[in-house]
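The values are calculated or read from the model by the stated rules, or taken from the named source; none is laboratory data. Here the structure is a predicted model, which is why all the values come from computation and not from measurement. Note: ideal-geometry Cβ built from the backbone for every residue, glycine included; neighbour counts use all protein chains shown. Just the protein is used for accessible areas: all its heavy atoms, side chains included, with ligands, DNA and RNA removed. Shrake-Rupley method; radii C 1.70, N 1.55, O 1.52, S 1.80 Å.
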Amino acid sequence: MKATYRSALVTGASGGIGEIFARQLAAVGCDLVLVARRAEPMEKLAAGLAERHGVHVEVIAADLTVDGDLERVARRLADPERPIELLVNNAGAGSRPPRPFHQQDPAGEEVKVALNVIAPLRLTRAALPGMVARDHGGVLTVSSIAAYWPQPHGATYAATKAFLSSFGDTLACELAGTNVHVTTVVPGFTKRGNGVAKGGPKSFTLPEFAWLEREDVAAQGLAAVHAGVPICIPGATYQAALGLTRLLPRSVLRDLFRRVWGS
Ligand SMILES: NC(=O)c1ccc[n+]([C@@H]2O[C@H](COP(=O)([O-])OP(=O)(O)OC[C@H]3O[C@@H](n4cnc5c(N)ncnc54)[C@H](OP(=O)(O)O)[C@@H]3O)[C@@H](O)[C@H]2O)c1
């Protein structure tokens, strides 16, 4: 298969779902810019992908919550000499440890907003003018199913993901009819590396069918942005769960999540 996008910048590419985005893009011949704080895993990944697929891979070690670093990445995205055809806004952080909002470290909550909201906002703003001028490009942003449900002990995380879902939906609307595709991918619980299933409510263990594979999340997100589909919810389990919970009054939903997550 030939790449729809010849170059992509992937944030959060030093591990997790971001690493898989990078692997899948390289496999179809897409040149890459990898961004995260830790240079070492990205350098290793870059060397392996370049050797295996013959693609050009650049590494930018940057903390996207630090203004100067974010600006550096934004400038790379906007560089007309080396156009980036696909931006993957993947880097994000949840609530560690999960706690009620009033017990969370206030500075830590603001860092989450910087990483999950300000960084994708700034990078998307940097990438879009060139894509619109070329009438070709894609922005794929990783939100979460948490965007649609109350999430006791993860209020800021859920709210940042709600921002991304709403933001992406409107951008897709603004750019409809162009060849610049904006897609928001909305994963549920996704296994870590080596198939490790970690996370979820404390009150019960999530069943196996509730866990997504990183490979499926990345593949479905990339297929959706290629096809110009604005929202992608990987997995029948989460499509059904979201559909069902949309039928419930918000008060019932809050009560349900308070019982399941809040204990
Ligand atoms: N896993 C899930 O169950 C799940 C479910 C729904 C949505 N998501 C979303 O999917 C995305 C990827 O999640 P994941 O599970 O793959 O997470 P992960 O394994 O924790 O990876 C996060 C990536 O983001 C990078 N990162 C973290 N803080 C950063 C910062 N300040 N500046 C630059 N890069 C930073 C990390 O690299 P460095 O540490 O090297 O910086 C890492 O490459 C996130 O947006 C997450 O919210 C995940």
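Per-atom-type breakdown for the chain gives carbon and sulfur 56% of the accessible area (1.4 Å probe, protein chains only). The stretch between R125 and R258 holds 44.2 nm of extra length on full extension. This uses 0.36 nm per residue minus the Cα-Cα distance. Between E110 and D135, full extension at 0.36 nm per residue minus the direct alpha carbon distance yields a gain of 5.5 nm.
Shape descriptor for the chain: Rg over Rh equals 0.96 (Cα atoms; Rh from the Kirkwood inverse mean 1/r). Close amide H partners of V59, meaning residues 5 or more places away or on another chain with modelled amide H under 5 Å apart, are L34.
Ranking L45, L212, V229 by Cα position along the charge dipole of the range 7-261, where only Lys, Arg, Asp and Glu carry charges on their C-beta atoms, puts L212 farthest toward the positive end. Couplings for the range 97-111, taken from phi via the Karplus curve 6.51 cos²θ - 1.76 cosθ + 1.60 with θ = phi - 60°, read x, x, 8, x, 4, 5, 9, 6, 5, x, 5, x, 5, 5, 5 Hz in order; Gly and Pro are left as x. Could you run the Debye sum over the Cα atoms of the range 34-180, one equal point scatterer each and no solvent, and tell me log10 of I(q)/I(0) at q = 0.10, 0.12, 0.19, 0.21 Å⁻¹, two decimals? Ignoring solvent entirely, the Cα scatterers give -0.40, -0.57, -1.20, -1.31. Rounded to the nearest Å, what's the spacing between the alpha carbon centres of the range 109-127 and the range 78-105? Just the number, please. Comparing the Cα centres of the range 109-127 and the range 78-105, I get a distance of 6 Å. Solvent exposure of the chain, expressed per residue, is 48 Å² of accessible area, with all protein chains present and a 1.4 angstrom probe.
The angle between the Cα long axis of helix 214-227 and the longest principal axis of the Cα atoms of the chain comes to about 60 degrees, rounded to the nearest 10. With a Cα cut-off of under 23 Å and a minimum spacing of 8 residues unless on different chains, the lysine pairs in the chain number 9. So how much accessible area does S7 have, in Å² to the nearest 10, using a 1.4 Å probe? Looks like 20 Å² after rounding.
In order along the range 137-144, the Karplus-derived 3J(HN,Hα) couplings, from 6.51 cos²θ - 1.76 cosθ + 1.60 at θ = phi - 60°, round to x, x, 10, 10, 10, 8, 9, 6 Hz, and Gly and Pro are given as x. Our estimate of slack between A219 and A240, defined as 0.36 nm per intervening residue step minus the Cα-Cα distance, is 5.6 nm.
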